[in-house]
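Asks: Can you keep this structure in mind? I'll have questions shortly.
The values are calculated or read from the model by the stated rules, or taken from the named source; none is laboratory data. All of these numbers come straight from a predicted model, not from anything done at the bench. Note that each Cβ is placed from the backbone with ideal geometry, even for glycine, and that neighbours are counted across all protein chains shown. Just so you know, the surface numbers come from the protein's heavy atoms only, side chains and all, with ligands and any DNA or RNA stripped out. Shrake-Rupley method; radii C 1.70, N 1.55, O 1.52, S 1.80 Å.
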Amino acid sequence: MLTIQRNLVDVLASQAADSIVSEIRIGLGYTAVALESGHAGVAWTPKSDSHSCTHLSGAGSLAGRPASVLLTMLCHQKLPLARAVGLATANALLSLPPHAPASDDEVIGSLDIGADDHVAMVGYFAPVVAKIQKSGCRLDIIEMNPGRGDTLTPEQGRKALADCSVAIITATSLINGTLDELVAGLGSPRAAVILGPSTPLCPEAFQGTKITHLAGARVQDVDAVQRIISEGGGTMLMKPYLEFVNLPLCLDA
């Protein structure tokens, strides 16, 4: 379905047509797309299932093209790696001003999670697990990859998503193509967050959904982020060069 991905492409289409991609870096942990304007965006790099040493057929011909060409890759039906390039392009475009009103408050703290809450976390966010557990709430972590502690499989996690009062969903679900299903599986949470540097800070793309917060990042130092990505680095190494943003959504909009 890729509904939210298509929403993003539609919202950013005119802006993308007027922007040119200057450089692309596909690292082991993250992908970065930079624009001629000097802005850049990042997205998680998924594991490639290519059966050859070429992982993206357009490699070598993408830089210098209109951002609209790469943006449409976000809706690729088969290749998560293509969607990663498309999402990084969307995040680069969303770094261009003007920006939607946002807060620099840490999103987990802003949710006031208490002992009465049931939190469903999709994706193992190690830095925030301990913070959530201190609240005394019930925490169910849904993880596609086994071996990440005490977690539920996606199948086991369906009831947790339906019953939770707070949902925290990794933005990598936009890349692996599961976000539509995850959002559709939510019951009536008081808060539902898309979390991680891959998060597109675009309220319009989430209108009509149960998502209440977008917690992502804008690239502040393009050269530093590109260098880290090229050398196999991830979120913690990029952190000093990113601006983390908490964008509450108006569900009545």
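Asks: Give me Rg over Rh for region 1-139, both radii from the alpha carbons and Rh done the Kirkwood way, two decimal places.
Replies: My calculation of the ratio gives 1.06.
Asks: Roughly what would the spin-label model give for Arg6 and Thr54, points 7 Å off Cα along C-beta, in nm?
Replies: So the two model labels end up 3.0 nm from each other.
Asks: Would you report the distance distribution of C-alpha pairs in the chain as whole percents per 10 angstrom bin, up to the bin with the largest distance?
Replies: That works out to 7, 32, 37, 19, 4, 0, in percent per bin.
Asks: Note the full-extension length gain between Arg158 and Ala17 as 0.36 nm times their separation in residues minus their Cα-Cα distance, in nm to one decimal.
Replies: Here the segment from Arg158 to Ala17 would lengthen by 46.8 nm.
Asks: Another one. As a check on your grasp of the helix formula, calculate [θ] at 222 nm for the chain: sum -39500 (n - 2.57) over DSSP H runs of n ≥ 4, divide by the residue count, round to the nearest 500.
Replies: After summing the helix terms and dividing by the residues of the chain, the value is -8000 deg cm²/dmol.
Asks: Evaluate the distance, in nm, between pseudo-label points positioned 7 Å from the Cα of Glu181 and of Leu28 along their respective Cα→Cβ axes.
Replies: Result for the modelled spin labels: 2.9 nm.
Asks: Evaluate the charge dipole of the chain about its Cα centre and quote only its size in Debye, nearest 20, assuming +1 on the Cβ of each Lys and Arg and -1 on the Cβ of each Asp and Glu.
Replies: It comes to approximately 460 debye.
Asks: Just tell me which lysines come within less than 20 Å, Cα to Cα, of Lys78; anything on the same chain fewer than 8 places away is out.
Replies: Candidates past the 8-residue exclusion: Lys47.
Asks: Send over a whole-number figure in Å² for the accessible area per residue of the chain, probe 1.4 Å.
Replies: Per-residue value: 47 Å².
Asks: Under the √(5λ) rule applied to the eigenvalues of the Cα gyration tensor, what semi-axes describe the equivalent ellipsoid of region 165-253? Give them in Å, descending.
Replies: Gyration-tensor ellipsoid for region 165-253: 27, 14, 10 Å.
Asks: If you put +1 on each Lys and Arg Cβ and -1 on each Asp and Glu Cβ, how big is the dipole of region 47-197 around its Cα centre, in Debye rounded to 20?
Replies: That gives a dipole near 460 debye.
Asks: With 21 Å as the cut-off, how large is the P(r) tail for region 115-182, expressed as percent of Cα-Cα pairs?
Replies: Details: 377 of 2278 pairs.
Result for the distance tail: 17 percent.
Asks: Can you work out the FRET efficiency for the pair Ala126 and Cys250, with r the C-beta to C-beta distance and R0 = 35 Å, to the nearest 0.05?
Replies: Computed FRET efficiency for Ala126 and Cys250: 0.65.
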